[in-house]
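Computed from the coordinates by the stated procedures, all read-outs in this text should not be read as laboratory data. Keep in mind that this is a model prediction, so the values were computed, not measured. Using ideal geometry, Cβ is built from the backbone for each residue, glycine included, and neighbour counts are taken over all protein chains shown.
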Amino acid sequence: MIDNKKRIVVLLGPPGAGKGTQAELIIKEFSIPHISTGNILRGAIQEGTSLGKKANAYMTKGELVPDELVIKLVEERVQRNDCREGALFDGFPRNKTQAEMFFRMDYITENSKISAILIDLPDEEVIKRLSNRRYCPNCKSIFNLIHKIPKKKINDTYYCDNCGSELIIRDDDKVQTIKNRLKVYHSTAGPLIEYFKKKNVLHVVDGSTGQKRVSEEILDILT
Ligand SMILES: [Zn+2]
């Protein structure tokens with residue numbers, strides 16, 4: 001019976017594909033926790049666990065946390081009660097090595113139904129979406145010059161609808177930065193996606209169809 005299976009979802013896709021929005025939908029719909037490497041690391045560091053301390057040592061040096069340590073942190077996290085019926089992984093596994101470790105975790109049992117969902121988006125579309133983002137440094141609102149256009153514009157400067165502050169382009173959203181992020185994404189995600197495909201758990205969703213259509217497709221895959 002599919003209903004009794006542990007529902008394990010891995011969300012994949014380039015920056016700007018809307019993974020965050022879809023993650024929120026999935027965790028609500030299926031009552032499973034959202035597990036990202038970022039929030040696991042922050043949690044472990046805050047709680048001062050021994051793994052957290054080890055991870056923190058790498059991060060303060062600006063180094064990547066090694067795969068072995070990441071997997072230990074994930075294994076620790078999924079032992080908690082809220083993961084009993086499944087979990088949504090986002091940003092993990094990050095590469096093929098982590099994916100191999102992922103499939104070997106005790107948490108993944110015969111009773112697990114794994115779905116890796118790739119929200120696919122061409123590079124040009126990623127660049128278009130991200131480079132059109134504008135950010136309010138004061139109230140942290142995010143706007144987009146394509147579909148969430150700020151009302152006030154003087155010359156080439158836009159102002160925040162909420163607080164009136166001048167909007168800025170974050171470093172992360174500058175074209176050269178986006179291109180670099182895409183390069184990193186393709187070099188690690190390529191082999192990772194191939195791996196999930198070989199394991200017969202990969203589903204590809206076209207991210208350019210818009211948020212609503214993507215949500216519908218994801219729910220179709222998972223139900
Ligand atoms: Zn603002």
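Here are the numbers for this structure:
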read-out: Calculated diffusion of region 128-202, Stokes-Einstein form, Kirkwood radius summed over Cα pairs, 25 °C and 0.890 mPa s, µm²/s; value: 171 µm²/s
read-out: Cα pair distances in region 53-205, grouped into 10 Å bins until the bin that holds the longest one, percent each; value: 9, 27, 27, 25, 10, 1, 0
read-out: Most positive-pole-ward Cα, G190, T157, L202, against dipole of region 121-212 from beta carbon charges; value: L202
read-out: With at most 12 neighbouring Cβ atoms within 10 Å, loop GluC sites (Glu not before Pro) (DSSP) excluded, longest segment of the chain; value: 111-223
read-out: Amide proton proximity set for R134, modelled H, under 5 Å, gap of 5+; value: F143, N144, L145
read-out: Among N162, N95, N200: highest mean-square fluctuation, GNM of the chain, C-alpha pairs under 10 Å; value: N162
read-out: Cα-Cα P(r), region 163-223, percent of pairs per 5 Å interval; value: 4, 14, 12, 14, 20, 16, 10, 6, 3, 1, 0
read-out: Distance violations [Cα-Cα > 23 Å] among K19/K153; K140/K183; K6/K199; K28/K96; K128/K148; K28/K128; value: K19/K153; K140/K183; K28/K96; K28/K128
read-out: Using θ = phi - 60° and Karplus 6.51 cos²θ - 1.76 cosθ + 1.60, couplings along region 134-140 (whole Hz; Gly, Pro as x); value: 10, 10, 8, x, 8, 9, 6
read-out: Proximal aspartates and glutamates to K179, defined as alpha-carbon separation beneath 17 angstrom and excluding residues fewer than eight positions away on the same chain; value: D120, D123, E124, E125, D171
read-out: Phi to ³J(HN,Hα) by Karplus 6.51 cos²θ - 1.76 cosθ + 1.60 over region 153-160, Hz, x for Gly, Pro; value: 9, 10, 6, 9, 9, 9, 10, 5
read-out: Peptide ranges 51-57, 115-121 listed from the most packed, as the mean C-beta count within 10 angstrom indicates; value: 115-121, 51-57
